[in-house]
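Chemist: I am attaching a structure below and will ask some questions about it afterwards.
The values are calculated or read from the model by the stated rules, or taken from the named source; none is laboratory data. A quick note: this is a predicted structure, and the numbers were derived from the prediction, not measured. Cβ coordinates were reconstructed from backbone atoms using ideal geometry, including for glycine residues, and neighbour counts include every protein chain displayed. For accessibility, only protein heavy atoms count, side chains too; no ligands or nucleic acids. Shrake-Rupley method; radii C 1.70, N 1.55, O 1.52, S 1.80 Å.
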Amino acid sequence: MENRFQALLMGLVLGAAIVYLFMPIAQAPGPAGNRPAAAESADGKARPEVRAGNTLAEVRNRGELVCGVNQGLPGFSNPDDKGHWSGIDVDYCRALASAIFDDPTKVKFRPLNAKDRFTALQSGEIDILSRNTTWTMSRDTQLGLDFAGVSYYDGQGFIVHKDSGIENAADLDGATICTQTGTTTELNVADYFRSHGYKYKVLSYEKNDEALAAYDNHRCDAYTTDASGLAAVRLKMKDPSQHRILPEIISKEPLGPAVRQGDPQWADIARWTLFALINADELGVTSKNVEEMKGSDSPRVRRLLGGEGAYGHMIGLTDDWVVRIIRHVGNYSEVFERNVGTNTKLGIERGLNALWNKGGIMYAPPIR
Amino acid sequence: MAGAPTKGKQKIGLKWSNPAVQSVVYQAALIAVVLYGGWVIVTTTQANLARLNIATGFGFMDNTAGFGIVQSLIPYTEESSYGRAFLVGLINTLMVAGIGIVLATILGFFVGVARLSSNWLVSRLAWTYVEVMRNIPLLLQLFFCYFTVLRPLPPPADSLSPLEGVYLNNRGVVVPSPVFGESSTLFVIAVLLSLVAGYAIIRWARKRQAATGEIFPAWRTAIAIVLGVPALIWLVGGAPFTLDLPVYRGFGFDGGMRLIPEFIALLLGLTLYTAAFIAEIVRAGILSVSHGQTEAAYALGLPQGRTLRLVVIPQALRVIVPPLTSQLLNLTKNSSLAVAIAYPDLVAVFAGTVLNQTGQAIEVIALTMAVYLTISLVTSFLMNLYNARVAIQER
Ligand SMILES: N[C@@H](CCC(=O)N[C@@H](CS)C(=O)NCC(=O)O)C(=O)O
């Protein structure tokens, strides 16, 4: 017994000494230097930052884009019974794939829940997160993300049972509210009730389905999420006419795609793909007229479609990148109307999402 | 230490063929590898987090949480810190796991004994229970419990009220809560004293029985004291507390104490599920005691109940306690499924909402794992103490 203890003690001392001796050697190349990841993507510049800074090359090598989307939110990203995805967030990823590959089908959609979406992006499991994600300062700065812009201006609202007699948000004093964990929604509720001095109870479910089932079973007086989501939620209810969406919007929810920090070129591609969709809307370039618009005299249209300047090359793409986007996916207006517009089941007006010169705030910096 | 190496040298010498030398070298090598591995993991993680611009450290624990929690046993508001939210979650976990452990153990013992009953119906019922519960995933049982608890209950406005001041609705159970005033100090002291007295009587009676064989109805006396003395003081000195009655207002009840349906469903699910496993362990434990023991007890004239209580179970416990411990640990760990039904346990509050807000996954998950590890080690430690007591004493 005593012997064994001695052996252990000596072992410890020796072991520590060995580690100490080897430490300076191990430290010299630095932990970043001998990362296998650096070797993996060494086809570009052989610098340690290569991995973080080479998403475009990785996507090209892989032959497809991996895009994190919602598990099922009609109008934003929703699979049908044949596994075909549709929605604004999904179409944005298709636009990105079109710009890179001239092929909107070269996207793999990775459905993510609210809680895990940022980890999936940070860990490199996805190239881009396009999952009705609100751009906030803490997400932008603390999570190592970069938001590409705003693809949909949203705000948080409430849905209630009609028979509860609740007419507007002020009637919710004392109410129990159901929501999903891992969202900005969960936090806005607290802000709203606190600032109005109302009492409330909040129940946060991991999955949206349980939150809705609990609301459906009257466990809560109201369910809350982004207003766009509410329209979709109402459709999911057994009898949509039994539910009322309250008029108040209690928060700003600018939704947009996000990429990892540290790859400025990839962030630019993500950002300008979004701006291209919006600029095409503003200039009247649609999937139907894009071929004839190539011959347009307008310098703005010519720059957009690659007739003048080398804008595609500036972000590592070909100069007809916008033609590819518009041909396959359409402009912002087409994407909006196809997925959530007044002719769809959701029936959402452009509202804030109308162009800046048409009464909304959708505005993209110019391509020049 | 000074004398040790010389002693070692005299006896063995520093040759490689010497097993002691070999073991030192092997251990040194192993420890070096482990330490180096740990060091590489930590520094690489740090470097990668810095490279990805992800915030690190535990500084966030002092920041304002800003979100509400539906059940809290300690004062908590949106202005409280993340550290406080962590505590709230931890206490909620301990509460559901603690009560669950007690209930599952009791239920498991009953079902396990019932499974061996000579009454056909009782043993079949127990068998059915065990098979059904063991073979359905816990998460499904939780959803089932949750929605079967919720669905039939009326909204707050039409609450069921089985007793004055007690209300049952789909927001949970509300009961009047006691508010302790000044007269309660005496009462609390009386309760504590009578508990001590009850315990002393039971110990005394046991000792006396061991020494002289005389039987004293200790349990009955003890219960009479524990209930009687406080009741007497209550009668003489008046009620030691006043009741805070819940009142209906707007969306529900104000005042009183409440159990939320999420808690009830989680407790029910964990208890019923774990009890099935415990029942099997108890059954195995009882079957492990040789039948000769029972026959010997009958031959001595002990009735069936006492045979079980005094002869069989004490011997069965030796077999029961170790696997029982791991079931109790399972129950605690399984309580982390709470977030599925919105019970605000540690995982839901801390590894859920706090993680979502701060994004500091590594710190939050590491701390959460450390908590579960600590709870498990403490539970194991206590069960090992108990195991040492019930284990056969070699004489
Ligand atoms: N925009 C908010 C909320 C996003 C969110 O996750 N919304 C929920 C409620 S509509 C959702 O999409 N759930 C669908 C699901 O997880 O399947 C955020 O970025 O935090």
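Chemist: Answer yes or no as to whether B:Ala205 is in contact with a helix residue (DSSP H, G or I) (Cβ under 8 Å, 6 or more places away or on another chain) and either more than 23 Å from B:Leu73 (Cα to Cα) or surrounded by fewer than 13 Cβ atoms within 10 Å (Cβ to Cβ) (or both). Break it down stepwise before answering.
Modeler: Values: in contact with a helix residue (DSSP H, G or I) (Cβ under 8 Å, 6 or more places away or on another chain): yes; either more than 23 Å from B:Leu73 (Cα to Cα) or surrounded by fewer than 13 Cβ atoms within 10 Å (Cβ to Cβ) (or both): yes.
Spelling it out, B:Ala205 is indeed in contact with a helix residue (DSSP H, G or I) (Cβ under 8 Å, 6 or more places away or on another chain) and either more than 23 Å from B:Leu73 (Cα to Cα) or surrounded by fewer than 13 Cβ atoms within 10 Å (Cβ to Cβ) (or both).
Chemist: Here are some conditions: (1) surrounded by 22 or more Cβ atoms within 10 Å (Cβ to Cβ); (2) away from the ligand (no atom under 11 Å from the Cβ); (3) modelled with pLDDT of 90 or more. A:Leu143 meets all but one. Which one does it not meet?
Modeler: (3)
Chemist: So A:Gly149 clears everything in (1) at positive phi; (2) within 13 Å of the ligand (Cβ to nearest atom); (3) not assigned by TED's automatic domain parsing to the domain that holds A:Asp226 except one condition, right? Which one?
Modeler: Here A:Gly149 meets the rest and fails (2).
Chemist: Residues in the range B:31-53: is at least one at the interface with another protein chain (Cβ under 9 Å from one of its Cβ atoms) and not in a helix (DSSP H, G or I)?
Modeler: Yes, there is a match, as at least one residue in the range B:31-53 is at the interface with another protein chain (Cβ under 9 Å from one of its Cβ atoms) and not in a helix (DSSP H, G or I).
Chemist: Which one of A:Gly182, A:Gly197 is of a type in the set (Gly, Ala, Ser) and within 7 Å of another protein chain (Cβ to nearest Cβ)?
Modeler: Numbers: A:Gly197 fails: within 7 Å of another protein chain (Cβ to nearest Cβ).
Of the residues listed, the single one that is of a type in the set (Gly, Ala, Ser) and within 7 Å of another protein chain (Cβ to nearest Cβ) is A:Gly182.
Chemist: Give me a count of the residues in the range B:150-167 that are surrounded by 11 or more Cβ atoms within 10 Å (Cβ to Cβ) and part of a strand (DSSP E or B).
Modeler: Of the residues in that region, 4 qualify.
Chemist: Yes or no: A:Asp268 among the acidic types (Asp, Glu) and buried (at least 24 other Cβ atoms within 10 Å of the Cβ)? Write out each step before concluding.
Modeler: Numbers: among the acidic types (Asp, Glu): yes; buried (at least 24 other Cβ atoms within 10 Å of the Cβ): no.
For A:Asp268, the condition - among the acidic types (Asp, Glu) and buried (at least 24 other Cβ atoms within 10 Å of the Cβ) - is not met.
Chemist: Right, next: Modelled with pLDDT of 95 or more, within 30 Å of A:Arg338 (Cα to Cα) and within 16 Å of the ligand (Cβ to nearest atom) - does that describe any residue in the range A:43-65?
Modeler: No.
Chemist: Got a number for residues in the range A:174-201 being under 22 Å from B:Glu262 (Cα atoms) and touching a helix residue (DSSP H, G or I) at 6+ places or on another chain (Cβ under 8 Å)?
Modeler: Residues of the range A:174-201 under 22 Å from B:Glu262 (Cα atoms): A:174-183, A:185-187, A:189-190, A:199-201.
Of the ones still in play, those that are also touching a helix residue (DSSP H, G or I) at 6+ places or on another chain (Cβ under 8 Å) are A:177-183, A:186-187, A:199-200.
Summing the residues that are under 22 Å from B:Glu262 (Cα atoms) and touching a helix residue (DSSP H, G or I) at 6+ places or on another chain (Cβ under 8 Å) in the range A:174-201 gives 11.
Chemist: Is it the case, given these coordinates, that A:Phe76 is within 13 Å of the ligand (Cβ to nearest atom), within 28 Å of A:Thr176 (Cβ to Cβ) and touching a helix residue (DSSP H, G or I) at 6+ places or on another chain (Cβ under 9 Å)? Let's see the steps before the verdict.
Modeler: On the way: within 13 Å of the ligand (Cβ to nearest atom): yes; within 28 Å of A:Thr176 (Cβ to Cβ): yes; touching a helix residue (DSSP H, G or I) at 6+ places or on another chain (Cβ under 9 Å): yes.
Yes, satisfied.
Chemist: Here are some residues: B:Tyr36, B:Tyr76. Which one is over 19 Å from B:Glu262 (Cβ atoms) and either open to solvent by 70 Å² or more (accessible area, probe 1.4 Å) or not assigned by TED's automatic domain parsing to the domain that holds B:Ile286 (or both)?
Modeler: Working: B:Tyr76 fails: over 19 Å from B:Glu262 (Cβ atoms).
The unique qualifying residue is B:Tyr36.
Chemist: Then there's this: Mind checking which residues of the range A:352-364 are open to solvent by 40 Å² or more (accessible area, probe 1.4 Å) and either touching a residue at least 24 places away in the same chain (Cβ under 8 Å) or not in a helix (DSSP H, G or I) (or both)?
Modeler: The initial filter retains those residues of the range A:352-364 that are open to solvent by 40 Å² or more (accessible area, probe 1.4 Å), namely A:352, A:356-359, A:361, A:363.
Residues satisfying the conditions are A:Leu352, A:Asn357, A:Gly359, A:Ile361, A:Tyr363.
Chemist: If I go through the range B:245-262 residue by residue, how many of them are open to solvent by 60 Å² or more (accessible area, probe 1.4 Å) and assigned to a strand (DSSP E or B)?
Modeler: Of the residues in that region, 6 qualify.
Chemist: Then there's this: Residue by residue through the range B:64-73, note down the ones that are open to solvent by 60 Å² or more (accessible area, probe 1.4 Å) and within 24 Å of B:Leu94 (Cβ to Cβ).
Modeler: Going residue by residue through the range B:64-73, those that are open to solvent by 60 Å² or more (accessible area, probe 1.4 Å) are B:64, B:73.
Scanning the range B:64-73 gives a single hit, B:Leu73.
This table checks each residue for (1) away from the ligand (no atom under 12 Å from the Cβ); (2) outside any helix (DSSP H, G or I); (3) open to solvent by 30 Å² or more (accessible area, probe 1.4 Å).
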residue: A:Thr179; (1), (2), (3): no, yes, no
residue: A:Glu186; (1), (2), (3): no, no, no
residue: A:Ala190; (1), (2), (3): yes, no, no
residue: A:Tyr198; (1), (2), (3): yes, yes, yes
residue: A:Ser204; (1), (2), (3): no, yes, no
residue: A:Ala211; (1), (2), (3): no, no, no
residue: A:His218; (1), (2), (3): yes, yes, yes
residue: A:Ser228; (1), (2), (3): no, no, no
residue: A:Ala231; (1), (2), (3): no, no, no
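Chemist: Which ones in the range B:39-55 are surrounded by 13 or more Cβ atoms within 10 Å (Cβ to Cβ) and not small (Gly, Ala, Ser)?
Modeler: The answer is B:Trp39, B:Val40, B:Thr43, B:Thr44, B:Thr45, B:Gln46, B:Asn48, B:Leu49, B:Arg51, B:Leu52, B:Asn53, B:Ile54.
Chemist: While we're on this one: For the range B:263-292, which positions are crowded, with 21+ Cβ neighbours inside 10 Å and either in contact with an Asp or Glu (Cβ under 6 Å, 6 or more places away or on another chain) or among the hydroxyl-bearing types (Ser, Thr, Tyr) (or both)?
Modeler: Passing the criteria: B:Thr271, B:Tyr273, B:Thr274.
Chemist: Testing A:Ala258 on (1) small (Gly, Ala, Ser); (2) open to solvent by 40 Å² or more (accessible area, probe 1.4 Å); (3) not assigned by TED's automatic domain parsing to the domain that holds A:Glu206, one condition comes back false. Which one is that?
Modeler: Going through (1) small (Gly, Ala, Ser); (2) open to solvent by 40 Å² or more (accessible area, probe 1.4 Å); (3) not assigned by TED's automatic domain parsing to the domain that holds A:Glu206 one by one, A:Ala258 breaks only (2).
Chemist: Would you check which residues across the range A:116-134 are in contact with a helix residue (DSSP H, G or I) (Cβ under 6 Å, 6 or more places away or on another chain), of a type outside the set (S, T, N, Q), assigned to a loop (DSSP other than H, G, I, E, B) and more than 8 Å from the ligand (Cβ to nearest atom) and list them?
Modeler: Those that are in contact with a helix residue (DSSP H, G or I) (Cβ under 6 Å, 6 or more places away or on another chain), of a type outside the set (S, T, N, Q), assigned to a loop (DSSP other than H, G, I, E, B) and more than 8 Å from the ligand (Cβ to nearest atom): A:Ile126, A:Asp127.
Chemist: Sticking with this structure for a sec: Run down A:Trp266, A:Trp272 and say which single residue is touching a strand residue (DSSP E or B) at 6+ places or on another chain (Cβ under 9 Å), touching a residue at least 40 places away in the same chain (Cβ under 8 Å) and in a helix (DSSP H, G or I).
Modeler: Values: A:Trp272 fails: touching a strand residue (DSSP E or B) at 6+ places or on another chain (Cβ under 9 Å).
Just a single option satisfies the conditions, and that option is A:Trp266.
Chemist: For the range A:325-341, name all the residues that are within 19 Å of the chain's Cα centre (by Cα) and part of a loop (DSSP other than H, G, I, E, B).
Modeler: A:Asn331, A:Val340, listed by residue number.
Chemist: Return the only residue of B:Ile215, B:Ile202, B:Ile225, B:Ile233 being out of contact with any strand residue (DSSP E or B) (no Cβ under 8 Å at 6 or more places or on another chain) and in a loop (DSSP other than H, G, I, E, B). First the steps, then the outcome.
Modeler: Working: B:Ile202 fails: in a loop (DSSP other than H, G, I, E, B); B:Ile225 fails: in a loop (DSSP other than H, G, I, E, B); B:Ile233 fails: in a loop (DSSP other than H, G, I, E, B).
So the residue among B:Ile215, B:Ile202, B:Ile225, B:Ile233 that is out of contact with any strand residue (DSSP E or B) (no Cβ under 8 Å at 6 or more places or on another chain) and in a loop (DSSP other than H, G, I, E, B) is B:Ile215.
Chemist: Mind telling me which of the residues B:Ser380, B:Ser336 ends up being within 17 Å of the chain's Cα centre (by Cα), within 14 Å of chain A (Cβ to nearest Cβ) and either at positive phi or of a type in the set (S, T, N, Q) (or both)? Even if it seems obvious, please write down each step before you answer.
Modeler: Values: B:Ser380 fails: within 14 Å of chain A (Cβ to nearest Cβ).
Result of the check over B:Ser380, B:Ser336: B:Ser336.
Chemist: For B:Thr56, which of the numbered conditions (1) more than 7 Å from chain A (Cβ to nearest Cβ); (2) of a type in the set (Ser, Thr, Tyr); (3) over 30 Å from A:Gln122 (Cα atoms) fails to hold?
Modeler: Failed condition: (3).
Chemist: Any residue in the range A:300-314 that is within 25 Å of the chain's Cα centre (by Cα), open to solvent by 10 Å² or more (accessible area, probe 1.4 Å) and of a type in the set (A, V, I, L, M, F, W, C)?
Modeler: Yes, there is a match, as at least one residue in the range A:300-314 is within 25 Å of the chain's Cα centre (by Cα), open to solvent by 10 Å² or more (accessible area, probe 1.4 Å) and of a type in the set (A, V, I, L, M, F, W, C).
Chemist: Every residue in the range A:137-170 that is among the β-branched types (Val, Ile, Thr), in a loop (DSSP other than H, G, I, E, B) and over 21 Å from A:Pro264 (Cβ atoms), please.
Modeler: Passing the criteria: only A:Ile166.
Chemist: While we're looking at this one, here's another question. How many residues does the range A:241-285 contain that are within 16 Å of the ligand (Cβ to nearest atom) and within 14 Å of chain B (Cβ to nearest Cβ)? Walk me through how you get there before you give the answer.
Modeler: Looking only at the range A:241-285, we keep the residues that are within 16 Å of the ligand (Cβ to nearest atom), and these are A:243, A:245-246, A:249-259.
Add one more test, that the residue is within 14 Å of chain B (Cβ to nearest Cβ), and what stays is A:251, A:258-259.
Final tally of qualifying residues: 3.
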